[in-house]
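The values are calculated or read from the model by the stated rules, or taken from the named source; none is laboratory data. Just so we're clear, the structure is a prediction, and the values are computed from it rather than from any experiment. All Cβ positions, glycine included, derive from the backbone under ideal geometry; neighbour counts span all protein chains shown.
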Amino acid sequence: MKSLFVAEKYYTPQVSFNIENSLFEITGESFSEYSMDFYEPILSWLEAYTQQYSQTILFNFKVSYFNTSSSRRFYEILKILDGYHKAAKGYVMVNWFASPDDMDMIESGEDFKEDFDMPFEIVLKERSLVA
């Protein structure tokens, strides 16, 4: 299995899932009207990865803006990671980056954190350091 990299575009974030160092990141903005089309291959890749590997995953969400449709895809990603973590196939640590003055992003991270039973930290950083 190869690492996954999808370049950032105007409506979609950069996705970098590096299997060599187990660092998985989604960075940028995600507000495509067709989020399922964008995220479906990413979800499929992540599902296959969690079936084949038993390693620690550090997953960083460095997203500065996302729409409701993308939120659903993030939930699906976190659900896959939570299942992987609960099955003890590998340790998962999620970092949700947010600017200290972006209450919407902080609250979104807190909502996701409440939904899952895996290590999940909200990391407050100035926006210029996030992307």
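Scan (1) assigned to a helix (DSSP H, G or I); (2) at pLDDT below 95; (3) of a type in the set (Asp, Glu) for the single condition Glu33 breaks and write down its number.
(1)
Among what's in the stretch 104-124 and is of a type in the set (Val, Ile, Thr) and touching a residue at least 24 places away in the same chain (Cβ under 8 Å), pick the residue that is nearest to Asp82 (Cα to Cα).
Ranking the candidates gives Ile122 first.
Looking at (1) modelled with pLDDT of 95 or more; (2) surrounded by 13 or more Cβ atoms within 10 Å (Cβ to Cβ), find the lone condition where Asp115 falls short.
All conditions pass for Asp115, except number (2).
State which residue is modelled with the highest pLDDT when the search covers only the stretch 1-29 and only residues that are among the aromatic types (Phe, Trp, Tyr) and assigned to a loop (DSSP other than H, G, I, E, B).
That would be Tyr11.
For Ile77, work out the one condition from (1) in contact with a strand residue (DSSP E or B) (Cβ under 7 Å, 6 or more places away or on another chain); (2) among the hydrophobic types (A, V, I, L, M, F, W, C); (3) assigned to a helix (DSSP H, G or I) it doesn't fulfil.
Of everything listed in (1) in contact with a strand residue (DSSP E or B) (Cβ under 7 Å, 6 or more places away or on another chain); (2) among the hydrophobic types (A, V, I, L, M, F, W, C); (3) assigned to a helix (DSSP H, G or I), Ile77 misses just condition (1).
Can you tell me which residue in the stretch 58-74 is surrounded by the fewest Cβ atoms within 10 Å (Cβ to Cβ), limited to those that are under 11 Å from the mean Cα position of the chain (by Cα) and in a strand (DSSP E or B)?
Leu58
As an exercise: evaluate Glu8 against (1) touching a helix residue (DSSP H, G or I) at 6+ places or on another chain (Cβ under 9 Å); (2) surrounded by 14 or more Cβ atoms within 10 Å (Cβ to Cβ); (3) farther than 16 Å from Asn95 by Cα and give the number of the one condition it does not meet.
(1) is the only condition that Glu8 fails.
Considering only the stretch 75-107, how many residues are aromatic (Phe, Trp, Tyr), closer than 27 Å to Glu126 by Cα and crowded, with 17+ Cβ neighbours inside 10 Å?
Looking only at that region, the number is 2.
Kindly check whether there is at least one residue in the stretch 39-51 that is buried (at least 18 other Cβ atoms within 10 Å of the Cβ) and in a strand (DSSP E or B).
No, because not a single residue in the stretch 39-51 is buried (at least 18 other Cβ atoms within 10 Å of the Cβ) and in a strand (DSSP E or B).
Can you give me the number of residues within the stretch 80-106 that are assigned to a strand (DSSP E or B) and either of a type in the set (D, E, K, R) or closer than 14 Å to Tyr53 by Cβ (or both)?
1
Mind checking which residues of the stretch 1-18 are of a type in the set (Lys, Arg) and over 14 Å from Pro41 (Cα atoms)?
Lys9
Within the stretch 54-74, which residues are farther than 18 Å from Glu121 by Cβ and not small (Gly, Ala, Ser)?
Selection gives Gln55, Tyr65, Phe66, Asn67, Thr68, Arg72, Arg73.
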